[in-house]
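Structure, as structure tokens:
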Amino acid sequence: MSEKLLNRRNFMKSTLVSVTGFPLLASGVLKQEEKVEEKGGKKRKFIYRTLGKTGIKLPVISMGGMYAIDPALFRAALDSGINHLETAHIHMAGKNEEMIGEVIKGRPRDSYFISTKIPFPRSIITGALSPAAKEETFLRMLDISLKRLGLDYVDFLCSHNAMNRQMVLHETVLNSMEKAKKDGKARFVGVSTHRNEPEVIQACTDSKFYDFVMPAYNFKQKHHLEVREAIARAAQAGLGIVAMKVMGGTGGRSDILRPVNASAALKWVLQDPNVHTTVPGFASFDHINIDLAVMEDLTLTDSEKDDLQREASLPGLYCQGCGQCEKQCFARLPIPDLMRAYMYTYGYRRPAVAQELVVSLGLPPRVCEECGVCPVKCSIGFDVPGKIRDVARLRDVPTEFIA
Ligand code: SF4
Ligand code: SF4
């Protein structure tokens, strides 16, 4: 039996398909540990999983720092047992890392884990690494991140937002990451991706170099079965799996249209035994409380399953990253990135993050205004030029007006 067939068979064995065809995993296949955390005199039993070959046991929910603007949220997360904080060099133009640095100052270094992500310059359309990508530039950016965090090393260092196999396996990327490890500035290295995930995950597996991978993975993905299979192969090869974008486009737990059932979305992704932790963002103390409850019990209730099925059938704000639109666009705009910016604005309610992204794309001065009839047909029915025109306006807003 081929390895592919074997993996697929194991995968199917662990998958239940509900009456409406929405896939749910059987909880009986989960491998995990429980640890009792005692905070404020209260004992709670949280679920932990081991992050692959790193051997590090993490709670199934870590904290994505991207849109927490209040340091008290980070403190509350750490104090309640969420001991892994995740950020990026570019988030809030570095202020996110600085905020985390302030929060962890004075805490024992072995009481928390820190991830950060650093990008390599690349084509925004093809994802090909640009000639400007240099080992020394990457390592200088890492030094800046470490300074902001007030640390000598990060636990997990990610190459930020890889779009394809070429970027994962590029010599400059591998050499930079290896040097960071050798210099003792990163314990473990990995790759984050929210586009073309199966290819990127498989490249990480094939590399035999990376320690973990951080893919977008959620119930809204039309291709989530392919993502799941790639994750299974990666986990089998020993990679740690950190799932991101688990809310399916509503990082603020509600979009402009409706709230999302955050517990259900988290439980759905954690039904996959190969996902070791997740990095949802917290924008309020209520979000932390919801996530702590999930850390105690991953069982999907019938009403949560109904919510997921209903939500999965709606278009929402999550761009699938399929790339179908880019070939059709006269101006070859980086449409998936623009849709992500739209999602950050109306789903995550973080226009500052969206503005950073839009500005980084180097768009022409006028977008979607001169084409006449737009030929772009989105695979899930997004009004692409309308969303682009809307979100591109962020370029003209002074940053001091944006939270
Ligand atoms: S209207 Fe916008 S999305 Fe459509 S082809 Fe023109 S530039 Fe591309
Ligand atoms: S076709 Fe639609 S879903 Fe696919 S990448 Fe373009 S905007 Fe996203």
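Throughout, read-outs are computed from the coordinates displayed, never taken from laboratory work. Please read these numbers as outputs of a predicted model, since none were measured by experiment. Virtual Cβ from ideal backbone geometry, glycine too; neighbours counted across all protein chains shown.
Using r as the Cβ-Cβ distance of residue 166 and residue 45, and R0 as 45 Å, what FRET efficiency do you calculate, to the nearest 0.05?
Efficiency for this residue pair is about 0.55.
For residue 313 and residue 53, calculate 0.36 nm times their separation in residues minus their Cα-Cα distance, and state this gained length in nm to one decimal.
89.9 nm
How much FRET efficiency would the formula 1/(1 + (r/R0)^6) give for residue 105 and residue 32, where r is the Cβ-Cβ distance and R0 is 41 Å, rounded to 0.05?
Efficiency for this residue pair is about 0.80.
Apply 1/(1 + (r/R0)^6) to the Cβ-Cβ distance of residue 371 and residue 136, taking R0 = 51 Å, and write down the FRET efficiency to the nearest 0.05.
0.80
Show which aspartates and glutamates lie in cross-link reach of residue 377 when reach means a straight Cα distance below 19 angstrom and same-chain residues fewer than eight apart are skipped.
Hits, sequence-local ones excluded: 326, 337, 369, 390.
Under a plain spin-label model, where a point goes 7 Å from the Cα along Cα-to-Cβ, how far apart in nm are residue 222 and residue 123?
According to this spin-label approximation, the distance is 2.4 nm.
Compute for the chain: radius of gyration divided by Kirkwood radius, i.e. Rg/Rh, restricted to C-alpha atoms, rounded to two decimals.
On the way: Rg = 20.2 Å, Rh = 21.5 Å.
That ratio is 0.94, to two decimals.
Identify, among 328, 274, 292, the residue whose Cα sits farthest towards the positive end of the charge dipole of the range 262-403, taking +1 on the Cβ of Lys and Arg and -1 on the Cβ of Asp and Glu, with the dipole about the Cα centre.
About the Cα centre, the residue reaching furthest to the positive side is 328.
Just to be sure I understand the model, the point goes 7 Å from the Cα along the line to the Cβ. What's the resulting residue 359 to residue 390 distance in nm?
2.3 nm
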